[in-house]
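For reference, the structure discussed in these notes is given below.
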Amino acid sequence: MANELSELTLREVSLVDKPANSEMGIPRARVALFKRDNSEDFNENDSVCKAVFGLVDKDGKTYSGVTYPKSDFAYTPTDTPSDWKLRLTKTPGGAPDAGIVGAAVAALGKGFRGKKVQIPAAALAAVKAKVRAAWKKANPEKGSDELPDVLKGESTMTIQEIEKRLGDQDGIITTLKADNDALKAENETVIKMSKKERKLYASMPTDKRKAYMAADDMKRKAMLDECAQQKKDKAAEDSMDEATKAEFAKAGPSLRTMMLADANKKLIAKAKKMKGKDDEDPDADGDDDTGHGTGHMDNNEDEDTVTDKKKSQKALAMKMASHNDELIVVKRELEDIRKQARVAHFIKRAEDELPNTSGSPAQKGEILMKMADSCGGENSESFKLVFKTMKDADEVVKRSFTEVGKLGGPIPAEAAFMAKVDEIAKRDSIDKPHAVEKAMMENVELYKEYERDQGAAVVKARGY
């Protein structure tokens, strides 16, 4: 049964439990239509609240007697401390503090303890950039992917950075346009292909497809034919038993061709048999396994004799192919020997006839060989003329360095200096003229003594 209350006096009508229009807990209005008072959550005497919202003590500079410089705040529109907001440090002039910075981030976002900081729109980007930099310093262990959402998407860029980004975008657009044009041309070409050609084109690797698109009609046909043959050869190789595959892997090009032809012929016979044509002779076209025509079977030869003859011909053809591969290997080896002998010849000639020219015998020999090839051989007049010039220059170098110290017989410092030359030549793998140059720079005093002895020897020899 419902109870009914009577003779009630209403002192307050409020839509919230604690009206914001009250003072010291005493409502200033009997009907409260304002929001709830959150003053217990947002404490103006709290140091963190002061730091975030720029609340300062009476002198306008300090928090509870501690003075913070302007650089400690993210928002400083004027030199008046009371205008500063979003302090980022825990101590004056210190590094960004993770807790203080976290409060600043909250105030910029959903609100710190229910209250958001008010920053003019024109200054918001710069303020967020400063808070973002402080957040990264205060949280070095965290990556960019952990950056608070309120700090994402805001950045300040220099003119150079903007120009670089625009340049990069232009490059990307150009590349995309070129790729789009290439794709369009490729689609137009593929549409015109037959079904068989499309399959062959699709089996090509990416680089080969690019080469196909850049080729003319004749080259394209050759590439498709090559692709078809490779596909056919792959199917033939796959059809071989393991023993035959092992033999195929070791075979040379001629024997491989024979083995692939034999495997292809077997595949054709198998395909005919599966179509119900097993009564047809796979060799009815007159070709045996060697690819030679056999003609019709002689009436005087029975079937077994013909089969034995085919096997014998096939074995002979395989043996000839194997010998041909061996001959190719021998020719290649002979060619390598010839090349090595030719290189050795030019090295020996350089060593004997250009001993004083700079460079090692191998380097000089290679130059001589290339010069002979470009001039039409060693016996050509142009090679002889150039080589004579090189020999004359080598003789000049020889006279410049080998006559030193010979006028007055042995010179006391000569043996020591020339020993240094030999040591440097061996150490740096260089010729004697270059070793002399290095010895002069590395042993200045010894060389000066060598020159003095040489001068004295000259005076003595001439009787001065």
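Taken together, the values in this text are just the output of simple stated rules run on the coordinates, not laboratory data. Not measured: the values here are computed from a predicted model. Counting neighbours? That spans all protein chains shown, and the Cβs are built from the backbone with ideal geometry, glycine included.
Computed quantities for the displayed model
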read-out	value
Ordering of 248-255, 388-395 by burial proxy (mean other Cβ atoms within 10 Å per residue, highest first)	248-255, 388-395
Contour excess over end-to-end distance, with Cα ends at I268 and T80 and 0.36 nm allotted per residue	58.1 nm
Calculated FRET efficiency for the pair L183/L147, C-beta based, R₀ 51 Å, to 0.05	0.85
Cut-off 17 Å, label 7 Å out along Cα→Cβ of A362, residues of segment 428-453 by amide N	428-431
Hull-based mean projected area of segment 114-273, where the convex hull spans the alpha carbons, in square nanometres	21.7 nm²
Where labels lie 7 Å past Cα in the beta-carbon direction, separation of Q169 and K115 in nm	4.1 nm
Ascending count of other beta-carbon atoms within 10 Å, so fewest first, for K426, K398	K426, K398
